[in-house]
Amino acid sequence: QEEEKWDFVLVSDIHEVGSEKEIKRKKFLDELSKKGFTIKKIEDKKLFYGVRAPKHIFRKYQWLLRNPDSRLQNSNAHHDIPVTTRIRIVNFILQNTMTPDLEKLHDLMKKKVFEATFPLHEKEEVREILTEKWTRWRDIFFQQPIEKIRCYFGEKVALYFAWLGWYTYLLGIAAVVGLVVFVAGITVFNSSQVSKEICEANNTIMCPLCDQKCPFWLLSDTCTYAKVTHMIDNEGTVLFAMFMAIWATVFLELWKRQRATVVTDWDLYRWDEEEEELALELINNLQHEPRQYQHSYFRSTIILLLVLVMIAVLIGIAHALVIYRVIATALFTQSSFEFLREQANTVAVMTGAVLHYITIVIMTKVNRRVALYLCDLEKPRTFSQRENNFTVKIFTFQFFTNFSSLIYIAFFLGRINGHPGNYVRIAGKWRLEECHPSGCITDLFIQMAIIMLLKQTISNVMEYLVPWISHKLRKKQQRPKKRNTMLGEEEEAAEDPCKRQWLSNYQLNEVNIFSLFDEFLEMVIQYSFTTIFVAAFPLAPLLAFFNNLFEIHLDAIKMMRLHRRMVPRKANDIGIWLQVLEAVGILAVIGNGLVIAITSDFIPVQVYKYTYSPCVTENSTGVDCSTGYINHSLSVFRIQDFESYTNLAPMGLSCRYRDYRNADDYSYTVQFWHIFAARLAFLILFEHVALCVKLIAAWYIPDVPQSVKNRFLDRKHSNLRKELRWVMPQKV
């Protein structure tokens, strides 16, 4: 039974004897045989080659990378090598074995000599435990068996799930706080003085929202919209934005502690990836010379310019979405449907959000191609260096794909559109969108809610359904033939027990080096949504929390039942993703500060309360200090000053619009500059306070727990003691 364990399976089509592909395949298998590999061949509709590495390869690995602490005591002891390490070593040798034609396995797969290579899902005890405890829906709220995941999929996958579990656990706290803030917003729904004023403004005539066919309208018509806005835009949101900036820091600091504890238990805290790679190269080929570190400023400049071009394209797509919304609003206002005419702006924002989601799906594929191409230009030295470079590029592209449109809505919408009589127009025809008199934050809320809901429903369903359907289809196509012939190295029994296992593994979905990367990218983008614009969407952590509970289990089911076994990777942290998460944490402080200072009406209301309100001017104590704010925030426009081609039925001599401008020459009022200065002061104050709190939290929570430091201290002490025994003076 022990002899029937195979490290890897290579799959190939049945080629004609003497054909080029058959000769190339034979050359490759001969090279493996020279290295001492045992090869077993089974023929079905495809050719299956099982390969098993000789024991001396693993002995070399154990000797080269033996634990330095154990060199003294048991230099001759050979422990059983873990299955994950075994698969990793064999995979490295397969990928780096060169045929006499100077072709590696990667080249042979491109030329269709081999179709697939994969390690097998074994019927091990670990797998049974994982299937029992990890993939069952009833265990959704229980802790994941990280140690068992490590034993079956290797450290990199185990660390991903440890990180995702920790992130989801702490998201629960943020979700509860976000929900409390949102519910508090609903309870003050009707009590807001500002929305009350909008609802009672029955004789405030507002300027039309478009040039043709748009009527003058009463401010009180938008009563519901104003109430919704003040449900999101209130003092609680400011506190929640502060809380999330601190939460992001505390989460990362606590994760560093968690990771230190986990990798110390695995004895990988001081593991050196470069040493491991050099050892594998030497085991594969003793004459191997390492690639030297190189850096080309010319190449880096070219890549930087290409990245900037790509970012410009992504910002261009965001511009296209803005133009769509402008034109859609103009068309909806002229629609024959009354609902579309009245809700033109909201419908345009909603359809724009759906369109934005579609561009995210399409551009994700394009971004990957571009990032891979740029990585090939860079010629990185090692695989891990290539992975880091790729990570930074794809995250940058994905960030702009996901957030360009949100950045426009948050910080530019309604601020660059001019004023009545002098509107900024696209192609000299279509007016840019305006903000509602109660602020732009609801547009941002709608956009974020739609994108997050679509990403978490459609994307998750597709992520699970596509592998499930393709697995069923592959199973259907690969019904085993009745004929059971055997050609080659070892004789086959009437029904080879390996055959069924190899076939069932082959029928599973292919995994590649990006399988885990995609999961990480998805989670880091979600983390960005959860932290950067959380001031506009307090429910983001709650949506993310429920999504992650499902995500963990869907990923578990995919890995155990629908996908071939991943090649285990050794790791002692989550790599460059940690720096990406820290960068997102800083962006979250800046983003939330800008949302409160610029998008929200929080600052203008506070300036009014403490400078212009009845409380200050008339010393009235019995009234709400924001009384009269709406009238104060609307400017007056004379109807006779409209552009000549504006086709409107006049309704009085003047109308109102949201801005701080003088009634005679439409220049900015003193209040505008007062509010502008207050916004700037708040932004600087908020960001400095939030960043100081982040730094204090980072200092207060040590990255490495004292128990881990003490463990290393004791180990060093006992090793030095043992060393001293060899040099103690001998008694005569």
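The values are calculated or read from the model by the stated rules, or taken from the named source; none is laboratory data. Predicted model only: the values in this text are computed from it and were never measured. Heads up, the Cβs are rebuilt from the backbone with ideal geometry, glycines too, and the neighbour counts pull from every protein chain shown. Just the protein is used for accessible areas: all its heavy atoms, side chains included, with ligands, DNA and RNA removed. Shrake-Rupley method; radii C 1.70, N 1.55, O 1.52, S 1.80 Å.
So how strong a dipole does the chain carry about its Cα centre when Lys and Arg Cβ are +1 and Asp and Glu Cβ are -1, to the nearest 20 debye?
Values: 86 positive and 78 negative charges, 451 e Å.
That gives a dipole near 2160 debye.
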With all protein chains present, region 8-120 has a carbon and sulfur share of its accessible area (1.4 Å probe) in percent of 52 percent
Per the rule of 0.36 nm per residue minus the C-alpha distance, extending residue 636 to residue 205 adds in nm 154.2 nm
By the rule of no other cysteine beta carbon under 4.7 Å, the lone cysteines of the chain are 151, 375, 498, 692
The percentage of the accessible area of region 407-455 (probe 1.4 Å, all protein chains present) made up of carbon and sulfur atoms, to the nearest whole number, is 66 percent
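Heavy-atom accessible area per residue, region 8-120, 1.4 Å probe: how many Å²?
48 Å²
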Once all protein chains are kept in place, residue 341 shows an accessible area at probe 1.4 Å, nearest 10 Å², of 100 Å²
quick note, the chain, DSSP beta bridge pairs, % antiparallel (nearest 5) is 90 percent
From the Cα centre of region 233-285 to that of region 96-145, the distance in Å is 25 Å
Counting only DSSP loop positions in region 512-605, the chymotrypsin sites (Phe, Trp or Tyr not before Pro) whose Cβ has at most 15 other Cβ atoms within 10 Å are 514
For the pair residue 246 and residue 504, the simple spin-label estimate (label points 7 Å beyond Cα toward Cβ) gives in nm 5.3 nm
Checked region 375-473 against the a/c 1.5 cut and the a/b vs b/c comparison, axes a ≥ b ≥ c from its Cα gyration tensor; verdict oblate
Note on the chain: contact order normalised by length, alpha-carbon pairs under 8 Å, 6 or more apart, percent, works out to 22 percent
Honestly region 8-120 on the Cα gyration tensor test (a ≥ b ≥ c root eigenvalues; a/c under 1.5 rounded, otherwise a/b vs b/c for prolate or oblate) is just prolate
Under the helix-only model (-39500 (n - 2.57) for each DSSP H run of 4 or more, divided by the residues of the chain), the mean residue ellipticity at 222 nm, to 500 deg cm²/dmol, is -20000 deg cm²/dmol
Quick calc, region 8-120, dipole around Cα centre from Cβ unit charges on Lys, Arg (+) and Asp, Glu (-), nearest 20 debye, gives 320 debye
The relative contact order of region 8-120, taking Cα pairs under 8 Å that sit 6 or more residues apart, comes to a percentage of 43 percent
Taking alpha-carbon centroids only, region 545-624 lies from region 310-333 a number of Å equal to 25 Å
Listed by chain and number, the residues whose amide H is under 5 Å from that of residue 419, excluding neighbours fewer than 5 places away on the same chain and using placed H, are 424
So the carbon and sulfur contribution to the accessible area of region 126-260, 1.4 Å probe, in percent, is 63 percent
Checked against the positive end of the charge dipole of region 8-120 (+1 on Cβ of Lys and Arg, -1 on Cβ of Asp and Glu, about the Cα centre), the farthest of 53, 94, 106 is 53
Taking a probe of 1.4 Å and leaving out DNA, RNA and ligands, region 142-217 shows per residue an accessible area in Å² of 42 Å²
XL table 35/104; 26/499; 5/40; 156/694; 112/379; Cα-Cα > 18 Å flagged, in table order, is 26/499; 156/694; 112/379
Quick calc, region 657-716, dipole around Cα centre from Cβ unit charges on Lys, Arg (+) and Asp, Glu (-), nearest 20 debye, gives 640 debye
Longest principal axis of the chain (C-alpha) makes with the long axis of helix 20-34 (C-alpha) an angle, in degrees to the nearest 10, of 70 degrees
